[in-house]
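Report on the structure given below.
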Amino acid sequence: MNTDVLEIRPWPDAVIDTVGHDPRSHYVEEFWLGILGPSTTWLMRRMAAGLEAHPAGFTMSLPETAGALGLGMKGGRHSPFMRALGRVCQFDLGQLHDEATLAVRRKLPPLNRRQVAHLPDAIRLAHQRWQDEQLRIPAIEGLRRRCRR
């Protein structure tokens, strides 16, 4: 892989794009953060902003992005920044198309049961309260809220 740039492209998914959560949302910060870790969460937020500004995709400078996130790139594939990129793929939020192109989801899916089970008790209970609240919102109101976002 060229260690200087990575082409970031959207990875559309009709279901996740409908029910998923923007990486900059409260849901991701509250519930995904402990699973992805802060570096990967911030990286996803940065890529979401890039795709919002450039919907067809953009070129991401790896050294600049690593520096902006406060992460080092020394150590090759084992550097903190490269580990964050690896976690994007590990959690199925991105996939390498070739060694220079990464397709990235614009939205993160809701946590699955296994992920929720690994949350600390307080966050797991907060997630249950969040789910219960979502079930109380009438469907049409839920659609309106999503449209406004």
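The values are calculated or read from the model by the stated rules, or taken from the named source; none is laboratory data. Keep in mind it's a predicted model, so treat the numbers as computed, not measured. Quick reminder, even Gly has a Cβ in these numbers, built from the backbone with ideal geometry, and neighbours come from all protein chains shown.
A few points about this structure:
- Enumeration of residues in region 22-37 that are over 11 Å from the mean Cα position of the chain (by Cα) and free of Cβ contacts under 8 Å to residues at least 12 places away in the same chain: HIS26
- Residue match in region 5-18 (condition: surrounded by fewer than 12 Cβ atoms within 10 Å (Cβ to Cβ), touching a residue at least 12 places away in the same chain (Cβ under 8 Å) and in contact with a strand residue (DSSP E or B) (Cβ under 8 Å, 6 or more places away or on another chain)): no
- If you go through region 88-111 and keep only what is free of Cβ contacts under 8 Å to residues at least 60 places away in the same chain and either under 14 Å from ASP17 (Cα atoms) or surrounded by fewer than 17 Cβ atoms within 10 Å (Cβ to Cβ) (or both), you end up with CYS89, GLN90, ASP92, LEU93, LEU96, ASP98.
- Residue list for region 1-58, filter: of a type in the set (Lys, Arg), within 13 Å of LEU108 (Cα to Cα) and part of a helix (DSSP H, G or I): ARG45
- Taken over region 123-142, the criterion of being part of a helix (DSSP H, G or I), among the aliphatic types (A, V, I, L, M) and either surrounded by 11 or more Cβ atoms within 10 Å (Cβ to Cβ) or at pLDDT 95 or above (or both) is satisfied by ILE123, LEU125, ALA126.
- Selection over region 59-71 of residues that are polar (S, T, N, Q) and in a helix (DSSP H, G or I) gives a count of 1.
- Condition met for GLY67 (modelled with pLDDT under 95 and either out of contact with any His (no Cβ under 6 Å at 6 or more places or on another chain) or of a type in the set (Lys, Arg) (or both)): yes
- Residue count, region 49-87 (criterion: touching a strand residue (DSSP E or B) at 6+ places or on another chain (Cβ under 7 Å) and surrounded by 13 or more Cβ atoms within 10 Å (Cβ to Cβ)): 6
- Among the residues making up region 101-123, those that are among the charged types (D, E, K, R) and under 27 Å from MET47 (Cα atoms) are ARG105, ARG106, LYS107, ARG113, ARG114.
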